[in-house]
Amino acid sequence: MDAQTIKVACSSCNLRELCLPMGLNAGEMDKLDRVISTRRRIKRGAPLFNVGDRFTSLYAVRSGFFKTCVTTADGRDQVTGFQMTGEIIGMDGIVSDRHSCDAIALEDAEVCVMPFDQVEELSREFTTLQHHVHKIMSREIVRDHGVMLLLGSMRADERLAAFLLNLVQRLHARGFSQSEFVLRMTREEIGSYLGMKLETVSRTFSKFVEDGIIEVKQRYVHIKDTEALKQIVNPQHCR
């Protein structure tokens, strides 16, 4: 699977504040280091796991981008999410001990392996970790509800504007620019996620460019007018 296992320590990782709870003492961090002790490298286009694989671990994205997707009854790939540095992948497997989707690297990536049975055992030992695991699960539920709202009630321009705002917000939380980023996913993958045809995605990008809201050069995106994007998504709250 083009995956390489490497030793790692959470205590020395500069991303720990994104994927681990704050306030762990030295002893708790030492125990966590012993549990989350390996990393895996995944090549672009390779799976971290596939639908039907046995669920054993959660994965914290250390570098790179992933997409999660399922295959529909008519054979189409349906993108269900995009995951980036500091986010956790694999919670889909908790309910049935089997993964219910594929997780594919959109670029060369690296993940920290978090054996779920050991994380669960530790979380019972110190409540800070347990609370954090619950927060991660809750965040996934909230994100799923957000996607349902996108697909159920928003026009094409609202969907794309909300997607761009969410993406740049998540990237900014990781120390990146508030207005400039590189899309790691294709327009076709964006369309699959947002329930839009490729032509509609391209046309909506072009409309945003014409209106002076964004600048696009291949996969590079510069948001020139954040307030205009917010106005598209939620006009009644932006007046």
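The values are calculated or read from the model by the stated rules, or taken from the named source; none is laboratory data. For clarity, every value in this text was computed on a predicted model and none was experimentally measured. Every residue, glycine among them, receives a Cβ derived from its backbone with ideal geometry; neighbour counts consider all protein chains shown. Ligands, DNA and RNA are stripped out before the accessible areas are found, and what is left, the full protein with its side chains, is counted by its heavy atoms. Shrake-Rupley method; radii C 1.70, N 1.55, O 1.52, S 1.80 Å.
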If you go through segment 135-157 one residue at a time, do you hit one that is in contact with a helix residue (DSSP H, G or I) (Cβ under 6 Å, 6 or more places away or on another chain), part of a helix (DSSP H, G or I), buried (at least 17 other Cβ atoms within 10 Å of the Cβ) and acidic (Asp, Glu)?
yes
Determine if segment 122-129 includes at least one residue that is in contact with a Cys (Cβ under 6 Å, 6 or more places away or on another chain) and either among the hydrophobic types (A, V, I, L, M, F, W, C) or without any contact (Cβ under 8 Å) to a residue 40 or more places away in the chain (or both).
no
Given the criteria closer than 22 Å to residue 80 by Cβ, in contact (Cβ under 8 Å) with a residue 24 or more places away in the chain and surrounded by 15 or more Cβ atoms within 10 Å (Cβ to Cβ), does residue 173 qualify?
no
If we keep only residues of segment 31-49 that are out of contact with any Leu (no Cβ under 8 Å at 6 or more places or on another chain) and part of a helix (DSSP H, G or I), then the residue surrounded by the fewest Cβ atoms within 10 Å (Cβ to Cβ) is 34
For segment 69-92 the number of residues that are of a type in the set (Phe, Trp, Tyr) and more than 21 Å from residue 167 (Cα to Cα) is 0
Counting residues that are of a type outside the set (Lys, Arg), more than 20 Å from residue 68 (Cα to Cα) and more than 18 Å from the chain's Cα centre (by Cα), which strands (runs of 3 or more DSSP E) fully inside segment 164-239 reach at least 2?
214-217, 220-223
If we keep just the residues of segment 50-98 that are among the charged types (D, E, K, R), open to solvent by 50 Å² or more (accessible area, probe 1.4 Å) and part of a loop (DSSP other than H, G, I, E, B), which is nearest to residue 181 (Cα to Cα)?
76
Please determine whether any residue of segment 191-203 is without any contact (Cβ under 8 Å) to a residue 40 or more places away in the chain, among the aromatic types (Phe, Trp, Tyr) and either closer than 30 Å to residue 88 by Cβ or open to solvent by 50 Å² or more (accessible area, probe 1.4 Å) (or both).
no
